[in-house]
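Structure record follows, encoded as structure tokens.
The values are calculated or read from the model by the stated rules, or taken from the named source; none is laboratory data. Since we're looking at a predicted model, the values are computed, not measured. All Cβ positions, even for glycine, are placed from backbone atoms using ideal geometry, and neighbour counts span all protein chains on display. What goes into the accessible areas is simple: the full protein's heavy atoms, side chains included, and nothing from ligands, DNA or RNA. Shrake-Rupley method; radii C 1.70, N 1.55, O 1.52, S 1.80 Å.
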Amino acid sequence: MESLRGSATMASDTIQALADILLEPDGKLKDLSDKKGRLKLLDAITNNCAKQDETKVLMFKLPQSIAKVIPAKVNAELCDDDRKRIDNLQAHYFKVFLLGIASAILFGFLFVITVYKSWKFNDVKEQHELYYKHKQEIIDFGKYIKNRYPDTFTSWEETRQRATEDGDN
């Protein structure tokens, strides 16, 4: 990096030398018709080209010099406090993992119970539907007998009422 700064300073000096050769102190162009002025200009151009070549070589070598400065590997060591924090964090993650497993088992158990109750409820529901269907058939049969044989139904109803009255007494 130092050599790059040095080459930048050299380039600045070269530009200053060219300006001194080409310009008067008041900013007007110098008369270069004399041999001495032309030789100064030619020397300044030659020096500038040489400095540009040096800068190109330095720019080509720059990545290699930077690569030499960068270390190949870095040894990182934790202090005791950092090691304790990491150990505590690992223990915490283990506890969270165990809690997750316990929660999964609990929710699985609740799910199985829910499915079992649902199946049992479906069985009870089917039994009740069969009971109400059978009861409806009996009611329909009673209506059929009442409409088809009204005398039989009336005698049956009277017999039933007498049996109920005898049972109450």
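Here is how the numbers come out for the structure above:
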quantity	calculated
Identity of the residue in the stretch 1-57, in a loop (DSSP other than H, G, I, E, B) and at pLDDT 75 or above, that ends up least open to solvent (accessible area, probe 1.4 Å)	26
Single residue of 126, 165, 77, 158 found to be outside any helix (DSSP H, G or I) and either over 60 Å from the mean Cα position of the chain (by Cα) or among the acidic types (Asp, Glu) (or both)	77
Boolean, residue 144 is modelled with pLDDT of 85 or more, assigned to a helix (DSSP H, G or I) and open to solvent by 100 Å² or more (accessible area, probe 1.4 Å)	no
Check on residue 76, loosely packed, with under 10 Cβ neighbours inside 10 Å and small (Gly, Ala, Ser)	yes
